[in-house]
Amino acid sequence: MNTPLSWIKAYVPDLDCTAQEYTDAMTLTGTKVEGYECLDKNLEKIVVGKILKIEKHPDADKLIVCQVQINEEGETVQIVTGAPNVSEGDKVPVVLDGGRVAGSAHDDKPHPDGIKIKKGKLRGVESFGMMCSIDELGSSTDMYPDAAPDGIYILSDNEAYKDAPIGTSVPELLGLSDVVFEYEITSNRVDCFAVIGIAREAAATFNKEFVPPVVKETGNNEKTSDYISVEVEDTELCPRYIARVVKNIKIGPSPEWMQRRLAACGIRPINNIVDITNYVMEEYAQPMHAYDLDTIAGNKIIVRRAKDGEKFVTLDEQERELDSSMLMICDADKPVGIAGIMGGENSKITDNVTTMLFEAACFDGTNIRLSGKKLGMRTDAQAKFEKGLDPNNAMEAINRACQLVEELGAGEVVGGCVDVYPNVRKESVVDYDVERINKMLGTSLTEDEMVAYLEKIDLKVDREKKQVIAPTWRQDIHCLADVAEEVARFFGYDKIPMTLPTGEATNGRLPLKLKVERTARMVAEQFGFSEGMNYSFESPKVFDKLLLDADDTQRNAIVISNPLGEDYSIMRTISLNGMLTSLATNYNRRNKDVRLYEIGNIYIPKSLPLTELPDERTQFTLGMYGAGDFFDMKAVVEQFLAKVGLKNKKEYNPDAKKNFLHPGRQALISYEGDVIGYLGEVHPDVLETYDIGTKAYVAVIDLPVVVAKANYSVKYKGIAKYPAVTRDLSMLVKKDVLAGDIEAVFEKCGGKLMEKCELFDIYEGEQIEKGYKSLAYSLSFRAADRTLGENDINPVMDKILKGLSGLGAELRK
């Protein structure tokens, strides 16, 4: 956002400060000035001169000797030049001896400090200065189209300058003695994308009167509705559309003051109609567009979405292919513009236009940004609309444009307008509390002082209700903190006293969820696992790689609306793909023994299509190959569950029904009746798919279930005073009998005397009957108040043996 200081002063007449003072003060009040450029910084001692006499150079055919009057007192200087376009009587810019120009017309080299002009001799003839081209004045023919591209700028050829007094400062005459400021405007301050918004801030900053332009509704006795009708089909993408008509158009140059203001903003003047729309866009931050009404079929405007595959030629003569997400401005037969971005070649303003349709509308900023991105387009209007404009600003902007049309004699404005505005945006009302604002800022301001700060930026204050009413163009004021910020800005951030933070010291501690995750990391790393991180976005092909059934609910994944590609087009519902991919990468790089873990989310949709946020479940995923087997992975899981306080018995159901795991080496993990995860050996077919040429083992723990059951309360137990008594049992059981079932019998029948049981041998071989296996356990008994004897142990062992018989167990001899 660039604005010249002269335009700001037009609305803040009493503003008197240097460029640096302006920069510092505006930045301190929140309107950050990135920098500024003095247009005349390299223009010194340049005045309007009049060529009185021209003679040929005695020793050079291409040079001439001019006698130039440089002030009203009649003082003349001799200047030698090779310019071919000067004549006696011309008024030209003259830089005097010791002066400075911005650059040279004869080279393209940059001259940061300008070029100093000194008197000298050209082929033996003295020259006491230089006549200037527009390039040497630091501008170009784009901004001054009447200037000669390869010669001296003849001021007298321009109606605005031909009567300029001799000796007048040329930079001031051409509007080059200005300062252009560049601002960094935050996206929530849409009002400051307008010159009026910046001027309002400047007036409040320097405590000066703000004098905005007086906008009067113009127009003849006719009605705009007799010329045009408007229909808005999508009011969400176009909340407001205003149309006005101007007839008897007279195309011509805009006045000098308007051209200079636009040029200072970096906008090339074109003609009065185009310049008016650009001027209002900069002044009010309201983009406008003009259509040739004679090209509008049916005298009707329809605002609708484009059709998929629809073609349209824009003003830059490029054919664009549209889709149904884009908003179009159409007449009764055809599109005439892409809403908020660019008009069409078929309705553009030409020199032959007689009746014009003015458009001032408000479009959805997000839709404009996405449409421009799809089309590969970027325009000034688009940049404004993307910020989310205030629809209530559109009426004053279009009235201002029509007022300028009448003032400049560019046409006859038809009375009234067509205004489609179904849902009027209302002012924002925020309650304020003086005591809370002072506490927030560390100040002791009175209510009168706060109200004064707020009112000078046009915020209304209702003292009785203790409310601040923010106009709709202040889209950043929604709560008390926003009001406090406005007070702080104009009280002065540099005046706020330093205060120490207050509050009570508390013991820092982690939430239970983070504590469980920390435990998971600690246990995994103790067992030699390294942490990895995988993408949450995956390919739909993952489900086939993991052999999931066609009707498996894990295939119901959330589809990304704008994916980077098919490989990242869904949000994962299972964490194994990333783990197996990482294991495969390590295997193919010949890392022998690899252990990895990940703590990351999966995303389970509650409904498809999405109507609410998905269930994000954190998974503790472990994977390994090389040294280790199923039972090593189980040990990691057991240790983790023990560390988080899940000390009761865990159940391992071998019928996990996980297609991606080996059918005989998998288990579903349950605790107190709730499934908390699974583990097992990866299915050989899956290993082959992922190009892993060795056995691999994985475990996945659903942490939300674990967190709900976690208990970090630890009760101290003293060292046992009495010795333990051990008994070893070796038994034969059928292969389908689980070790967990046997241990459940020990726990149930062992009573309070049972301290622990440990499986120390499993055997299947020639000496064991087919279909059976041998299990050997060491049982430990202990009492807290005495040494146990045979009379204590034997009844317990009998009870255990009786319980084992129910499983078909037989003691080995």
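Residues in the stretch 598-612 include at least one that is surrounded by 18 or more Cβ atoms within 10 Å (Cβ to Cβ) and touching a helix residue (DSSP H, G or I) at 6+ places or on another chain (Cβ under 7 Å).
Exactly one condition in (1) at pLDDT below 95; (2) within 44 Å of the chain's Cα centre (by Cα); (3) of a type outside the set (V, I, T) is not met by A656; state its number. Result: A656 passes all but (2). Any residue in the stretch 383-394 that is free of Cβ contacts under 8 Å to residues at least 40 places away in the same chain and open to solvent by 20 Å² or more (accessible area, probe 1.4 Å)? Taking every residue of the stretch 383-394 in turn, at least one turns out to be free of Cβ contacts under 8 Å to residues at least 40 places away in the same chain and open to solvent by 20 Å² or more (accessible area, probe 1.4 Å). If the condition is being of a type outside the set (S, T, N, Q) and either open to solvent by 70 Å² or more (accessible area, probe 1.4 Å) or touching a strand residue (DSSP E or B) at 6+ places or on another chain (Cβ under 7 Å) (or both), then the stretch 700-711 contributes V700, I701, D702, L703, P704, V705, V706, A708, K709. Which one is nearest to Y603 (Cα to Cα), of the residues in the stretch 564-591 that are assigned to a loop (DSSP other than H, G, I, E, B) and open to solvent by 60 Å² or more (accessible area, probe 1.4 Å)? My answer is L564.
Please specify each residue of the stretch 771-813 satisfying the condition of being basic (K, R), more than 22 Å from K752 (Cβ to Cβ) and at pLDDT 90 or above. Within the stretch 771-813, just K773 meets the criteria. The requirement of being assigned to a loop (DSSP other than H, G, I, E, B) and either modelled with pLDDT of 95 or more or of a type in the set (D, E, K, R) (or both) is satisfied by D549. Taking the numbered list (1) modelled with pLDDT under 90; (2) open to solvent by 80 Å² or more (accessible area, probe 1.4 Å); (3) of a type in the set (D, E) in turn, D14 passes all entries but (1). Counting only strands (runs of 3 or more DSSP E) wholly contained in the stretch 3-115, the ones carrying 3 or more residues that are within 24 Å of Q259 (Cβ to Cβ) and in contact (Cβ under 8 Å) with a residue 24 or more places away in the chain occupy 32-38, 44-56, 91-101.
Taking the stretch 402-427 as the range and being buried (at least 16 other Cβ atoms within 10 Å of the Cβ), within 30 Å of V468 (Cβ to Cβ) and not charged (D, E, K, R) as the test, only Y421 passes. The sole residue among L39, L63 that is in contact with a Pro (Cβ under 8 Å, 6 or more places away or on another chain), under 25 Å from D146 (Cα atoms), of a type outside the set (D, E, K, R) and surrounded by 17 or more Cβ atoms within 10 Å (Cβ to Cβ) is L39. Among the conditions (1) farther than 25 Å from S530 by Cβ; (2) open to solvent by 20 Å² or more (accessible area, probe 1.4 Å), the only one that H662 does not satisfy is (1). Counted as qualifying within the stretch 170-278 are the strands (runs of 3 or more DSSP E) with 2 or more residues that are in contact (Cβ under 8 Å) with a residue 12 or more places away in the chain and open to solvent by less than 20 Å² (accessible area, probe 1.4 Å), namely 179-184, 240-247.
Can you confirm whether G528 is surrounded by fewer than 17 Cβ atoms within 10 Å (Cβ to Cβ) and not hydroxyl-bearing (S, T, Y)? In short, yes. From the residues in the stretch 322-349 that are in a strand (DSSP E or B) and of a type in the set (A, V, I, L, M), which one is most open to solvent (accessible area, probe 1.4 Å)? Among them, the one singled out is M342. Quick one: in the stretch 294-321, which of the residues that are without any contact (Cβ under 8 Å) to a residue 40 or more places away in the chain, open to solvent by less than 70 Å² (accessible area, probe 1.4 Å) and in a loop (DSSP other than H, G, I, E, B) is nearest to F358 (Cα to Cα)? Of everything passing the filter in the stretch 294-321, L315 is nearest to F358 (Cα to Cα). Would you check which residues across the stretch 534-553 are open to solvent by less than 60 Å² (accessible area, probe 1.4 Å) and either under 18 Å from E688 (Cβ atoms) or among the acidic types (D, E) (or both) and list them? Matches in the stretch 534-553: E538, V542, F543, L546, L548, D552. Scanning the stretch 350-402 for residues that are assigned to a loop (DSSP other than H, G, I, E, B) and hydrophobic (A, V, I, L, M, F, W, C) gives V353, F363, M377, L389. From the list Y697, Y690, Y671, which residue is buried (at least 17 other Cβ atoms within 10 Å of the Cβ), touching a strand residue (DSSP E or B) at 6+ places or on another chain (Cβ under 9 Å) and without any contact (Cβ under 8 Å) to a residue 60 or more places away in the chain? Only one candidate passes the filter, namely Y671. I'd like to check something: does the stretch 67-74 contain any residue that is in contact with a Gly (Cβ under 6 Å, 6 or more places away or on another chain), open to solvent by 20 Å² or more (accessible area, probe 1.4 Å) and of a type in the set (A, V, I, L, M, F, W, C)? Scanning the stretch 67-74, I find no residue that is in contact with a Gly (Cβ under 6 Å, 6 or more places away or on another chain), open to solvent by 20 Å² or more (accessible area, probe 1.4 Å) and of a type in the set (A, V, I, L, M, F, W, C), so the answer is no. Within the stretch 712-725, the residues that satisfy the criterion of being surrounded by 11 or more Cβ atoms within 10 Å (Cβ to Cβ) and not aliphatic (A, V, I, L, M) are Y712, K721, Y722.
Of the helices (runs of 4 or more DSSP H) lying entirely inside the stretch 428-524, the ones with 1 or more residues being of a type in the set (V, I, T), open to solvent by less than 90 Å² (accessible area, probe 1.4 Å) and more than 30 Å from E396 (Cβ to Cβ) are found at 434-441. Residue-level analysis places A627 outside the set of residues that are more than 17 Å from L583 (Cα to Cα), out of contact with any Lys or Arg (no Cβ under 6 Å at 6 or more places or on another chain) and either modelled with pLDDT under 95 or among the aromatic types (F, W, Y) (or both).
When the stretch 742-791 is filtered for residues that are acidic (D, E), farther than 25 Å from G808 by Cβ and either out of contact with any strand residue (DSSP E or B) (no Cβ under 8 Å at 6 or more places or on another chain) or open to solvent by less than 40 Å² (accessible area, probe 1.4 Å) (or both), the ones remaining, listed by number, are D785, E790. Every condition in (1) in contact with a Leu (Cβ under 9 Å, 6 or more places away or on another chain); (2) buried (at least 17 other Cβ atoms within 10 Å of the Cβ); (3) outside any helix (DSSP H, G or I) holds for L646 except the one numbered (1).
The values are calculated or read from the model by the stated rules, or taken from the named source; none is laboratory data. Nothing here was measured: the structure is a model prediction, and the numbers come from that model. Methodologically, a virtual Cβ is constructed for each residue, glycine included, from the backbone with ideal geometry; neighbour enumeration extends over all protein chains shown. Each accessible area value is taken on the protein alone, full model and side chains, heavy atoms only, with ligands, DNA and RNA left out. Shrake-Rupley method; radii C 1.70, N 1.55, O 1.52, S 1.80 Å.
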